[in-house]
Amino acid sequence: MYHWIKIFENQTEFKNYIQPNTFVVFELKNQKICVTRNANGFFAVQDKCPHNGASLSKGFCSDKNEIICPLHRYAFNLKDGKATSGGGFALKTYPIQIQSNGVFIGIKAKWWET
Ligand code: FES
């Protein structure tokens, strides 16, 4: 079960606010979430790099649909969060839904909230 949190009123607002291959961080339910868009779609991943804690939003997108950490250049697939540069790290990913009444990020509910 997810908590669906509205981040934009509509897709146009989303596209105007987040340019392709750039990142915006949202703090939702005490989680920093890095949101981006590119030719492959819309993506949301944890902002904190699992290697050593850098803010991934200060990194950049690759042409292989990855987010690259600014500190040590580890790469993570934006879709499933898995490290593509080795090391066995993975990012938490968040689903994005674009509905007629807004753009939402899904945050998994804790077991005690369900
Ligand atoms: S802190 Fe991100 S790769 Fe090291």
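A few points about this structure:
- Search result, residues across the range 1-28 that are charged (D, E, K, R) and more than 26 Å from Ile68 (Cβ to Cβ): Lys6, Glu9, Glu13
- Residues that are crowded, with 17+ Cβ neighbours inside 10 Å, in a strand (DSSP E or B) and free of Cβ contacts under 8 Å to residues at least 40 places away in the same chain, drawn from the range 76-114: Phe76, Asn77, Ala83
- The single condition among (1) more than 17 Å from Pro20 (Cα to Cα); (2) at pLDDT 95 or above that Gly59 does not satisfy is (1).
- Selection status of Val35, closer than 30 Å to Trp111 by Cα, under 9 Å from the mean Cα position of the chain (by Cα) and surrounded by fewer than 16 Cβ atoms within 10 Å (Cβ to Cβ): no
- Within the range 26-40, residues that are without any contact (Cβ under 8 Å) to a residue 40 or more places away in the chain sit with their Cβ atoms under 7 Å from residues that are surrounded by 15 or more Cβ atoms within 10 Å (Cβ to Cβ) and in a loop (DSSP other than H, G, I, E, B), at 6+ positions apart or across chains, in these pairs: Lys32/Asp47; Cys34/Phe23; Cys34/Asp47; Arg37/Ile18; Asn40/Asn65.
- Failed condition for Glu9, given (1) touching a residue at least 40 places away in the same chain (Cβ under 8 Å); (2) within 16 Å of the ligand (Cβ to nearest atom); (3) loosely packed, with under 13 Cβ neighbours inside 10 Å: (2)
The values are calculated or read from the model by the stated rules, or taken from the named source; none is laboratory data. Since we're looking at a predicted model, the values are computed, not measured. Heads up, the Cβs are rebuilt from the backbone with ideal geometry, glycines too, and the neighbour counts pull from every protein chain shown.
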